[in-house]
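Below you'll find the structure, written out as structure tokens, and then a few comments.
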Amino acid sequence: MNQLYSICWNITNKCNENCKFCYRKICNDNTLEENKQIFNNLSQIKIGKITFSGGEPLLYDDLFELVDYIRIKNPNIKLSITTNGKKINDELLNKIIDKFDWITFSIDSSSDDINEEIGRGKEHLSKIIHLLEKCNNKIKIKINTVANKYNINDLENIYKIISKYNINRWKILIFWPIRKGNNNKEMLITKK
């Protein structure tokens, strides 16, 4: 049997934010049955972890049914979700903590104003800090940051924020203008 540790599964292209650096390709979601078949096909190789991403994976209507199906088929697999957090209330957060091993949030600035400027919406940072406080030490946490010209000098401040929590991993990605991001090349980090 072939081995592959981790798969990032973009389960939906729907999103409830409007990030200027977005790279997703707009297309229709698969049905639950189609996604079950995809998982069955993936089960032919040894997978240690699946990360559900998107768009916003919490906008995929059958996400938790698919997660339950995967857990029945492979109870040892690690499951992760990458979310902007916008849709999460206390009840949904508890469900995520119960069903997933990892949660990933995006923090692209230490300022709500800059987060809003790059398309994360009003009070994005405040919402993520609230969620970090709620799930700290209950689930493994990863932070994603898309480095761009608006936040390149803010990374130390982001670190100061996330160092207050039990963050297991911080991933910094460099903005690259593809798809929607191609219309926002002013966000590129350029040499002076």
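Just so you know, all these numbers are worked out from the coordinates, no wet-lab data involved. In this text, all values refer to a predicted model and were calculated from it rather than measured experimentally. A quick note on method: Cβ atoms are made from the backbone with ideal geometry, for glycine too, and the neighbour counts reach across all protein chains shown.
Quick one: net charge of residue 56's neighbours, Cβ under 9 Å, K/R +1, D/E -1? Numbers along the way, then the final one.
Numbers: positive: 14, 86, 87; negative: 17.
Around residue 56, the charge tally is +2.
Express the relative contact order of segment 71-111 as a whole percentage, based on alpha carbon pairs under 8 Å and six or more residues apart in sequence. Write down the numbers at each step before the final one.
Working: 27 pairs, mean separation 21.1, N = 41.
Answer for segment 71-111 is 52 percent.
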Label point distance in nm, residue 78-residue 27, each placed 7 Å from Cα along Cα→Cβ: 2.8
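In this model, which of 46/160; 14/78; 36/164; 78/149; 73/140 are farther than 30 Å apart at the alpha-carbon? Write down the numbers at each step before the final one.
Numbers: 46/160 38 Å; 14/78 24 Å; 36/164 38 Å; 78/149 34 Å; 73/140 23 Å.
Violating the 30 Å Cα-Cα cut-off are 46/160; 36/164; 78/149.
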Suppose R0 equals 35 Å. What FRET efficiency, 1/(1 + (r/R0)^6) with r the Cβ-Cβ distance, do residue 170 and residue 46 give to the nearest 0.05? 0.80
Grab the other residues whose beta carbon is less than 13 angstrom from that of residue 87, score K and R as +1, D and E as -1, and report the net. -1
When the convex hull of its Cα atoms is projected in every direction, mean area for segment 51-129 (nm²): 5.3
Beyond 24 Å, what share of the Cα-Cα pairs of segment 25-161 remains, rounded to the nearest whole percent? 37
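With an 8 Å Cα cut-off and a minimum separation of 6 or more residues, compute the relative contact order for segment 82-146 in percent.
Working: 71 pairs, mean separation 27.2, N = 65.
Reported as a whole number, the value is 42 percent.
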